[in-house]
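Taking it in order: structure first as C-alpha cells, then the write-up.
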Amino acid sequence: MKVFVAGGAGYIGSHTVYELIRAGHEVVVYDNLSTGRLGAVHPKARFYEGDILDKGRIIEVLNCERATGAVDVAMHFAAKLIVPESVSQPLEYYHNNVEGLRQMLVALVETEVKNIVFSSTAAVYGDSERGECFEDDLTLPINPYGETKLADERMLKWAGEAYGLNSCIFRYFNVAGADATLEIGLDKDQLTHLIPLIMQATLGLREKLSIFGNDYPTPDGTCIRDYIHVTDLAKAHVLGAEYLYQQQESLLVNLGSGKGYSVKEVVDVASQLFDFAYEYAPRRAGDPAKLTANITRAREQLAWQPILGLKDMLQSDHDYRQKLLEVSR
Ligand code: UFG
C-alpha cells in the first residue's frame, strides 16, 4: 500500500511510519513541523512540509504522488491534544482539530482517496460511569479536546455516507514509551502526563513526582488508567490501514492494553526500575477515577493484541530521554 501520513513527524505518527515501513509499505509524510521534527521522519519515507489547514497543499502533494501510484490510505495525526490547553484555547482546538480534518477530507474526496485512519481519544467518553469503556458507550466529553475529536468522528461518519470514504477511527487511551531503536520517542510534551513527569524525577530534572489524589473510589485511592506502548499502538494502525484497504468498510475501535494500573501502581513499577521521590498532593481537576479500554473489538476485527507492558513503556521512555540529554550535553 501507499500510505499518506499527516502528522508523521510527531510522536505517534513517527512510530506508525516506522511500523508501516517495517511491514513493507510505501510512506508519504506530510507535517508542518510545529511539534514534529524532521529527524523523526523515517529515512525511507518521502517528506512534504505542509499544514493540515491547507487543503490546496494536500491536494498538490496527493496529485504529485499519483505519478508513482495513487495513495491507498491516508492517516491523520496532525491534531492538538493537550486537555488543559484545550480548556483555555477552545477556538484554537476547533480550528485545528475540526477545520483541519475538514480540509483534509475535502482534499481526499477531490483526489479520490477512499480510506482514512483517524486518531481519536478516550476523552470522548467523558466521565465513564463503569470505568471500562466499550465503543458503543455513550460519548459525553467533558473538555474541548474530547469535543473536537467527537465532532471529527461524526464528520467522518457523514463524509463516509456521502462520499464513500471509509474510516478506521482509533480511540487511544494513555500512550507511552519509545521505539526499541531509540531513534524516535516523545520529544516535546507539555509535562502534564504521568509517565513524562516520572521520568523528569528519575533524571533529576524535577525534585519529586506529585500523585494527584489518594481518596478516589479505587482500591488504593489513586486514579486508574490504561497505558499502552506506542509501538503496539503503531502496529494497530498498520492493521487498521490494511483492513480498510482490503475490506473497504469503516471501523471504530478502542486502543488500550485492556488492563488498568493505578497511579500508585505505576509509581511502584517505576520505583523498581529507577530512583525517584514522590509525594501525595490534592486531586487534579477533571480527572475521572477510572478509565480503561475494553479491547475485544480490536482483537477480533484486527487480530491485534498488545505485546509490550508497563515496564517496557517506562524503560524505553527513560532510555530515549537519557539519550536526548546525552546528545544535548
Ligand atoms: N497524574 C499524577 N501526577 C502527575 C501527572 C498525572 O498523579 O504529575 C495522574 C493524573 O491525575 C491521572 C493519571 O496520572 O490520574 C494520568 O494522567 P495523565 O495526565 O498522564 O493522563 P490522562 O489520563 O489525564 O489523559 C489521557 C491522555 C489525554 C486523553 C485522556 C483521556 O493524555 O490525551 O487520557 O481521558 F484525553
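The values are calculated or read from the model by the stated rules, or taken from the named source; none is laboratory data. Everything numeric here is computed off the predicted structure, so don't read it as measured data. Cβ placement follows ideal geometry from the backbone for every residue including glycine, while neighbour counts extend to all protein chains displayed. The accessibility values were calculated without ligands, DNA or RNA, using every heavy atom of the protein model including side chains. Shrake-Rupley method; radii C 1.70, N 1.55, O 1.52, S 1.80 Å.
Its Cα centre serving as origin, segment 51-157 has a Cβ charge dipole (Lys and Arg +1, Asp and Glu -1) of approximately 280 debye.
Under the Karplus relation 6.51 cos²θ - 1.76 cosθ + 1.60, θ = phi - 60°, what is the ordered set of whole-Hz ³J(HN,Hα) values for segment 231-240, x standing for Gly and Pro? Per residue, the Karplus-derived 3J(HN,Hα) values read 6, 4, 4, 4, 5, 4, 5, 5, 5, x Hz. Can you send over the solvent-accessible area of residue 57, 1.4 Å probe, protein chains only, in Å² to the nearest 10? Probe radius 1.4 Å; accessible area of residue 57 about 60 Å². Rounded to the nearest 20 debye, the dipole magnitude of the chain is 300 debye, with +1 charges on Lys and Arg beta carbons, -1 on Asp and Glu beta carbons, and the Cα centre as origin. Amide H contacts of residue 172 (H built 1.01 Å from N, in plane; Pro and chain starts excluded): 120, 121, 122, 255 sit under 5 Å, all sequence-distant by 5 or more or on other chains. If you look at the Cα atoms of segment 153-224, you get an Rg and a Dmax of 18.9, 54 Å.
Within the chain, the proportion of Cα pairs with more than 27 Å between them is 42 percent.
For the chain, the longest principal axis of the C-alpha atoms and the axis of helix 144-163 are separated by about 30°. A DSSP coil position with no more than 13 other Cβ atoms inside 10 Å describes the following GluC sites (Glu not before Pro) in segment 205-296: 207, 249. Pairs exceeding 27 Å between alpha-carbon atoms, taken from 114/259; 149/290; 149/208; 157/311; 55/290: 114/259; 149/208; 157/311; 55/290. Could you point to the residue in 295, 314, 272 farthest towards the positive end of segment 231-323's charge dipole, with +1 and -1 charges on the Cβ of Lys/Arg and Asp/Glu respectively? The Cα lying farthest towards the positive end belongs to 295.
Restricting attention to segment 46-148, which GluC sites (Glu not before Pro) occupy a DSSP loop and are surrounded by at most 15 other Cβ atoms within 10 Å?
Passing sites in segment 46-148 are 112, 129.
For residue 290, the amide hydrogen comes within under 5 Å of the amide hydrogens of 224, counting only partners 5 or more places away or on other chains and with H modelled in the peptide plane.
When the chain is treated as a GNM with alpha-carbon contacts under 10 Å, the residue of 74, 159, 241 showing the greatest mean-square fluctuation is 159.
Note that segment 68-190, at 20 °C in a medium of 1.002 mPa s, gets a Stokes-Einstein diffusion coefficient of 136 µm²/s from its Kirkwood radius over C-alpha pairs.
Per residue, the average separation of C-alpha pairs within less than 8 Å and at least 6 apart gives the chain a relative contact order of 19 percent. Note on the chain: with neighbouring protein chains present and a 1.4 Å probe, carbon and sulfur make up 50 percent of its accessible heavy-atom surface.
Once you reduce segment 175-212 and segment 1-78 to the center of their Cα atoms, the two points are 26 Å from each other.
A Stokes-Einstein calculation at 20 °C with viscosity 1.002 mPa s, built on the Kirkwood radius of segment 206-250 over Cα pairs, returns a diffusion coefficient of 151 µm²/s.
Structural descriptor for segment 22-175: relative contact order 23 percent, calculated from alpha carbon pairs under 8 angstrom and at least 6 residues apart. The GNM of the chain, with springs linking C-alpha atoms under 10 angstrom apart, assigns the highest mean-square fluctuation among 15, 318, 95 to 95. In segment 253-328, inverting the average of 1/r over every pair of distinct C-alpha atoms gives 15.2 Å as the Kirkwood radius. In order along segment 52-58, the Karplus-derived 3J(HN,Hα) couplings, from 6.51 cos²θ - 1.76 cosθ + 1.60 at θ = phi - 60°, round to 5, 7, 10, 5, x, 5, 4 Hz, and Gly and Pro are given as x.
Counting only alpha carbon atoms, the long axis of helix 310-328 and the longest principal axis of the chain meet at about 80°.
Straight-line cross-link reach from residue 323 at under 14 Å between alpha-carbon atoms covers these aspartates and glutamates, not counting any fewer than eight positions away in the same chain: 179, 183, 187. Entry note: segment 10-92 has Rg to Rh equal to 1.00, where both radii use alpha-carbon atoms and Rh is the Kirkwood radius. Around the amide H of residue 209, modelled in the peptide plane, lie the amide H atoms of 277, 278, 279, all under 5 Å away and 5 or more residues distant in sequence or on another chain.
Quote the relative contact order of segment 178-329 in percent (integer), defining contacts as alpha-carbon pairs under 8 Å separated by 6+ residues.
Reported relative contact order: 37 percent.
Using a Gaussian network model of the chain in which every pair of alpha carbons under 10 angstrom is joined by a spring, one finds that among 42, 193, 229 the greatest mean-square fluctuation is at 193.
Using a simple charge model, +1 on the beta-carbon of Lys and Arg, -1 on the beta-carbon of Asp and Glu, nothing else, what dipole does segment 83-134 show about its Cα centre, in debye to the nearest 20?
140 debye
For helix 11-22, what angle does its Cα long axis make with the longest principal axis of the chain, in degrees from 0 to 90 and rounded to 10? Value to nearest ten degrees: 60.
Estimated from the Cβ-Cβ distance and a Förster radius of 30 angstrom, the FRET efficiency linking residue 268 and residue 245 is about 0.10. Ordered from longest to shortest, the equivalent ellipsoid semi-axes for segment 176-303 are 31, 19, 11 Å, each the square root of 5 times a Cα gyration tensor eigenvalue.
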